[in-house]
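Visitor: I am attaching a structure below and will ask some questions about it afterwards.
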Amino acid sequence: MIDIKNVYKNYGDQAVLSGFDLSIKKGQLCMLLGPSGCGKSTLLKLINRLLIPEAGTIEIGGNPIENIKPELLRRNMGYAIQGSALFPHMRVEDNIAVVPRLMNWPKHKTTARIQELLDLVGLNQSFAKKYPHQLSGGEAQRIGVARALAADPEILLLDEPFGALDPVSRLQLQESFLEIQNKLKKTVVFVTHDVGEAVRMADFLVLMKNGTVVAQGRPFDIVREAEDAVWDFLGNSYTLELLERITLKDLVRNSIPIQEFKNLSELTKFKMNSTCKELLSAMLMNSNSELMVNLGGNVFQFRFEDILTSFGGENQ
Amino acid sequence: MNDKKNIEFWNNLGKKLWIKEIFLLIVLLVLINEFSILELWLKDVLNVEKGFVEWIPLQKLVIQYLIIVLASVLFSSLVGFTLGALIHLYEWKGLREFAIMLGGLGVTFPTVAIMALLVPSMGYGYEPVVVSLVIYGIFPILTATMDGLRDVDQEFVLASRAMGMNKFQVFRKVELPLASPVILAGLRTSTIISISAATIGATVGAGGLGLPIVTGIRTNNPILILKGALPVMLIAMLADLLFYRVEQSKKWQ
Ligand SMILES: Nc1ncnc2c1ncn2[C@@H]1O[C@H](COP(=O)(O)OP(=O)(O)O)[C@@H](O)[C@H]1O
Ligand SMILES: [Mg+2]
């Protein structure tokens, strides 16, 4: 869907991207992870044609982007720039409606779309009439994502959309975004400098440093082929982050609940979408590698070996 | 605590009902129509002769004066804003410096002198006055427009371009509304300058409220000076209040 081939970009005599290559498939959530200053925002601006590369080509669906009128290219590509940047003089509804109005949608369609998007990002309809200064950081970033989705573009470019948030709201937003993405299956380039966020969300993970790709692939594949450079990059607790991608639903697939156990209230409660990381954490808390848990009213026993097995399974 | 709330309540009610504005307007109207009463009283208090009876009624002077002021403000904002917007849109860097320099020169050159210089070509009357007031009024609006547009946070400009707006859409939907408080402040300055400078027009025969003031100075008659100066003051206050209202009406921070 997006093919970036051998792209060079300088600011003055500072080279930001030098020979950058990347292919992103349709419907893929591509997490672009790299330290700040490595050229992530620059790359998104190049895809959006806000910047023009010194050399190399960028194609959307096989079509070089310089063949498309910049305004049209941009309207068909939802772009949330770094720091949400909601227009302070427009109400939330008008912020969301910017691109639909540029595309001359009929009024009723725009109105319906605003309601639909507020629902989608989990905000009450009463937010439509608010001004950005009346929103919390998390609400503003939800609106930023809604605005990028407004005209239902095939491609989403999100530049640290959940940056500058407290860890709790950040997790919430990541979860809601994954739900949305599972429904919509957009082609997403999601920029972040947060290892946990990248690993947790990626279909396809790209590690970027000094304007080049250090490694790319599915999150589990990257571990398998990992070289020292990658470990330096991700930190040695990367595998723990990966555990977040395995849910208890994956673990219980081959086991049956324990029937004879009666005293449910004594057990730690878990949900089907709780992660292996939480399970491991509970084992550590109980100093026990075997743990009985209350999983939605059923009792299951998990052992540390179950985690190892499932991790190995994902890691084949 | 309760007192504070009470005061706030009355303040808000006053704002809603336009109390201050209506009060000023009534004072202005009464002053214009019933100046003869004040004149008699002032004559006793200041102990001066009434001077010769004005041959032009005060109402007519006020109207002449308002026309001069409104025409000047209208033309100077049209020219100042258009020029400022064009300089911004087409990034005429050189013209920006040039405009600021020229405007600075214009403002330091005395108004009376400009009016006097214009008389030979335009004759006596309101024309040289309007032209010189326009020359004066352009500068605050021009600089406010240029600076206001230039100082818009580039984050928002980038965001609007990223969403597919062209240059003119960015201008109309984002830059202009965000710059509007600064531009409005420029318009306010320009208007207040015109209101006070328009009185000088009387020296070149434009009439208006400057006429009693100039005549009063010549004949050493404080009553005549007040006859012109009081309405000017009230009009300036009223204009200021109206601008304040427009500034306050914006709902975003
Ligand atoms: N407009 C610009 N002019 C000059 N240098 C820039 C500009 N934008 C970014 N840079 C530089 O280019 C590098 C990459 O920036 P950026 O793409 O914003 O990084 P990231 O988004 O990964 O933090 C940084 O060193 C930054 O200082
Ligand atoms: Mg960045």
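Visitor: Whether any residue in segment A:48-61 is open to solvent by 50 Å² or more (accessible area, probe 1.4 Å), aliphatic (A, V, I, L, M), over 20 Å from the mean Cα position of the chain (by Cα) and more than 9 Å from chain B (Cβ to nearest Cβ) is what I want to check.
Guide: Yes; the residues of segment A:48-61 include at least one that is open to solvent by 50 Å² or more (accessible area, probe 1.4 Å), aliphatic (A, V, I, L, M), over 20 Å from the mean Cα position of the chain (by Cα) and more than 9 Å from chain B (Cβ to nearest Cβ).
Visitor: Counting only residues that are open to solvent by 40 Å² or more (accessible area, probe 1.4 Å) and more than 7 Å from chain B (Cβ to nearest Cβ), how many does segment A:74-92 have?
Guide: Number of matching residues: 3.
Visitor: Hey, among the residues in segment B:166-181 that are in contact (Cβ under 8 Å) with a residue 40 or more places away in the chain and under 19 Å from A:P70 (Cα atoms), which one's farthest from the other protein chains (Cβ to nearest Cβ)?
Guide: B:F171
Visitor: Would you be able to say whether some residue in segment B:141-148 is of a type in the set (D, E, K, R) and within 24 Å of B:F109 (Cα to Cα)?
Guide: There is at least one residue in segment B:141-148 that is of a type in the set (D, E, K, R) and within 24 Å of B:F109 (Cα to Cα).
Visitor: From the list A:R147, A:R170, pick out the single residue that is part of a helix (DSSP H, G or I), surrounded by 22 or more Cβ atoms within 10 Å (Cβ to Cβ) and touching a residue at least 24 places away in the same chain (Cβ under 8 Å).
Guide: Answer to the check: A:R147.
Visitor: Return a yes/no flag: does segment A:165-179 have any residue that is within 16 Å of ligand 2 (Cβ to nearest atom) and over 14 Å from the mean Cα position of the chain (by Cα).
Guide: Looking for residues that are within 16 Å of ligand 2 (Cβ to nearest atom) and over 14 Å from the mean Cα position of the chain (by Cα), one finds at least one in segment A:165-179, hence yes.
Visitor: Can you spot a residue in segment A:124-131 that is of a type outside the set (D, E) and buried (at least 21 other Cβ atoms within 10 Å of the Cβ)?
Guide: The answer is no; no qualifying residue exists.
Visitor: Also, quick follow-up: Do any strands (runs of 3 or more DSSP E) lying entirely in segment A:178-218 carry at least 2 residues that are within 14 Å of chain B (Cβ to nearest Cβ) and within 16 Å of ligand 1 (Cβ to nearest atom), and which ones are they?
Guide: Fully inside segment A:178-218 and qualifying: A:187-192.
Visitor: Give me the pairs: first residue in segment A:12-29 and touching a residue at least 12 places away in the same chain (Cβ under 8 Å) and on the phi > 0 side of the Ramachandran plot, second residue open to solvent by 60 Å² or more (accessible area, probe 1.4 Å) and away from ligand 1 (no atom under 14 Å from the Cβ), beta-carbon distance under 7 Å, and six or more apart or on different chains, which are they?
Guide: Every condition considered, the pairs that remain are A:G19/A:N6; A:G27/A:K185.
Visitor: Among A:G27, A:G39, which is the only one that is more than 22 Å from B:R161 (Cα to Cα) and either within 16 Å of ligand 1 (Cβ to nearest atom) or not polar (S, T, N, Q) (or both)?
Guide: A:G27
Visitor: Still on this model: Could you please find all residues in segment A:301-316 being under 15 Å from A:K249 (Cβ atoms) and at pLDDT 85 or above?
Guide: A:F302
Visitor: Further question: If you go through segment A:33-62 one residue at a time, how many are modelled with pLDDT under 90 and away from ligand 2 (no atom under 16 Å from the Cβ)?
Guide: 2
Visitor: Can you find a residue in segment A:252-273 that is aromatic (F, W, Y), in contact (Cβ under 8 Å) with a residue 12 or more places away in the chain and either farther than 29 Å from A:T42 by Cβ or touching a Gly at 6+ places or on another chain (Cβ under 6 Å) (or both)?
Guide: yes
Visitor: Then there's this: In the list A:I81, A:I96, which residue meets the criterion of being within 16 Å of ligand 1 (Cβ to nearest atom) and of a type outside the set (D, E, K, R)?
Guide: A:I81 is the lone residue from the list that is within 16 Å of ligand 1 (Cβ to nearest atom) and of a type outside the set (D, E, K, R).
Visitor: Another question, if that's okay. Conditions: (1) open to solvent by less than 30 Å² (accessible area, probe 1.4 Å); (2) within 13 Å of ligand 1 (Cβ to nearest atom). A:A15 meets all but one. Number of the miss?
Guide: The one condition A:A15 does not meet is (1).
The rows are residues; the columns are (1) out of contact with any Ser or Thr (no Cβ under 8 Å at 6 or more places or on another chain); (2) surrounded by 14 or more Cβ atoms within 10 Å (Cβ to Cβ); (3) at pLDDT below 85.
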position: B:Y90; (1), (2), (3): yes, no, no
position: B:G104; (1), (2), (3): yes, no, yes
position: B:L118; (1), (2), (3): no, yes, yes
position: B:V130; (1), (2), (3): no, yes, no
position: B:L142; (1), (2), (3): yes, yes, no
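Visitor: Residues being open to solvent by less than 60 Å² (accessible area, probe 1.4 Å) and either touching a strand residue (DSSP E or B) at 6+ places or on another chain (Cβ under 6 Å) or closer than 30 Å to B:L176 by Cβ (or both): count how many of those fall in segment B:106-116.
Guide: Counting residues in segment B:106-116 that are open to solvent by less than 60 Å² (accessible area, probe 1.4 Å) and either touching a strand residue (DSSP E or B) at 6+ places or on another chain (Cβ under 6 Å) or closer than 30 Å to B:L176 by Cβ (or both) gives 1.
Visitor: Mind checking whether some residue in segment A:228-247 is among the basic types (K, R) and surrounded by fewer than 18 Cβ atoms within 10 Å (Cβ to Cβ)?
Guide: Taking every residue of segment A:228-247 in turn, none turns out to be among the basic types (K, R) and surrounded by fewer than 18 Cβ atoms within 10 Å (Cβ to Cβ).
Visitor: Among the residues in segment A:107-121, are any among the hydroxyl-bearing types (S, T, Y), open to solvent by less than 50 Å² (accessible area, probe 1.4 Å) and not in a helix (DSSP H, G or I)?
Guide: no
The values are calculated or read from the model by the stated rules, or taken from the named source; none is laboratory data. Remember, it's a predicted structure, so these values are computed and weren't measured experimentally. Quick reminder, even Gly has a Cβ in these numbers, built from the backbone with ideal geometry, and neighbours come from all protein chains shown. Surface areas here come from the heavy atoms of the whole protein model, side chains and all, with no ligands, DNA or RNA. Shrake-Rupley method; radii C 1.70, N 1.55, O 1.52, S 1.80 Å.
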